[in-house]
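As C-alpha cells, the structure follows; a few thoughts come after it.
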Amino acid sequence: MSTGNQPNFTDGQQAPPAFQPKESNTGKWIMGGCGCLFVIILICGGASYWGYTSLFKPILDFTFESMSMAEDHPIVKEKIGDDVTAGPPATTNDGQNLTLRIPVSGENGNGTVVVSATVNDDITITKNEAYLEFKGEQFDLSDDGLNLDIEDVE
C-alpha cells in the first residue's frame, strides 16, 4: 500500500540507483585548447622571428650604421660642430632604392646627412652615396673609407 508520492516496493524490489553526476570534460577541453593555442603561438612567433631576421634586420642595421656615421663622421663634425646630434631619419623607399635623410644639429647649425643605397635581391644593402647638406652646399661623405655595406648574416 502506498501513501502519497512514495513509491510502492514489494518483496525483492530495490529502489533505482541514485542519480550519478557525469564526469566533467571541462579539464580535457581546457588542456586541449591550451595545447592548440601554444602550438599556434609557437608557429606565429617563429614566422615573425624569421621575417624580422631575414627581411627587416639588414635595413635596421643599415639605418643604425648610417645614423652613427652621421654623428661621428669627421666632415660632419667639422661643419656642424663637435657635439653632433642626429634626429630620427626620414626614409624613402622606391622599389629597391632606399634613401635616408638624417637631420643633424650642432653648435654651428643644422644640416641633413643623406645616405642612398640599393636593396639587393638577396636582402643585402649596398651604399651608393652619402653626403651632408649644410648651408646650401653638399659635402661628400663617401670617400673616407667608411664601409656601410651591410650583408645578411645568418
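Values quoted throughout were computed directly from the atomic coordinates according to the rules given, and no laboratory measurement underlies them. Computed from a predicted structure; not experimentally measured. Because the Cβ atoms are built from the backbone with ideal geometry, glycine has one as well, and the counts that use them run over all protein chains shown.
Here are the numbers for this structure:
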quantity: Low-density loop positions, trypsin sites (Lys or Arg not before Pro), the stretch 18-114 - DSSP coil, at most 15 other Cβ in 10 Å; calculated: K22
quantity: Spatially proximal lysines relative to K135 (Cα-Cα < 28 Å; intrachain offsets below 8 disregarded); calculated: K77, K79, K127
quantity: Whole-Å semi-axes of the ellipsoid equivalent to the stretch 85-125 (Cα gyration tensor, √5λ, descending); calculated: 26, 8, 7
quantity: Computed label-point distance, nm, for sites K22 and Y49 using a 7 Å Cα→Cβ extension; calculated: 4.2 nm
quantity: Label-point separation, N108 to D140 (7 Å along Cα→Cβ), nm; calculated: 1.9 nm
